Amino acid sequence: MSNILNNTQTNKHWSSKILGEYHDAIVKIVESYYGIDYSMLKSKYRTADLVLIRRVLAALLVNKYKLHVTSLALWLKKDRTTIIFYCRSHEDG
């Protein structure tokens, strides 16, 4: 199993609770730092800027804060494998 999956919190409910509690704070930081709103972040658009922002956010929340990939995927309206790909590509790049 990859390092990404080993480092994640195994409790999806805990991760969902954290994302729910800190939703506004995370959105506010992303909006102020990158200048995009949450609707663009969770949209289906795949511009280079949006993909990079999602990749950085996913790597930060999964690797540093140990959120479960499935919970983050639901929050961003993406597939869990996409979140894993974001985390791996961020580590490589």
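For the reader, a short list of remarks on this structure follows.
- When residues of segment 66-93 are limited to those that are in a helix (DSSP H, G or I) and of a type in the set (A, V, I, L, M), the one nearest to L19 (Cα to Cα): L72
- Hits in segment 20-54 (condition: of a type in the set (K, R), over 14 Å from K77 (Cα atoms) and outside any helix (DSSP H, G or I)): none
- Selection status of V30, of a type in the set (V, I, T), surrounded by 15 or more Cβ atoms within 10 Å (Cβ to Cβ) and in contact with a Ser or Thr (Cβ under 8 Å, 6 or more places away or on another chain): no
- The residue that is modelled with the highest pLDDT, among those in segment 6-25 that are surrounded by 12 or more Cβ atoms within 10 Å (Cβ to Cβ) and among the β-branched types (V, I, T), is I18.
- Qualifying residue in segment 67-85 (condition: over 9 Å from the mean Cα position of the chain (by Cα), open to solvent by 70 Å² or more (accessible area, probe 1.4 Å) and touching a residue at least 24 places away in the same chain (Cβ under 8 Å)): yes
- Residue check for K64: of a type in the set (K, R) and either free of Cβ contacts under 8 Å to residues at least 24 places away in the same chain or in contact with a Gly (Cβ under 8 Å, 6 or more places away or on another chain) (or both): yes
- Single unsatisfied condition, S39 versus (1) exposed (fewer than 14 other Cβ atoms within 10 Å of the Cβ); (2) touching a residue at least 12 places away in the same chain (Cβ under 8 Å): (2)
The values are calculated or read from the model by the stated rules, or taken from the named source; none is laboratory data. None of the values given here were measured: they were computed from a predicted structure. For neighbour counting, all protein chains shown are included, and Cβ atoms are generated from backbone atoms with ideal geometry for every residue, glycine included. The accessibility values were calculated without ligands, DNA or RNA, using every heavy atom of the protein model including side chains. Shrake-Rupley method; radii C 1.70, N 1.55, O 1.52, S 1.80 Å.
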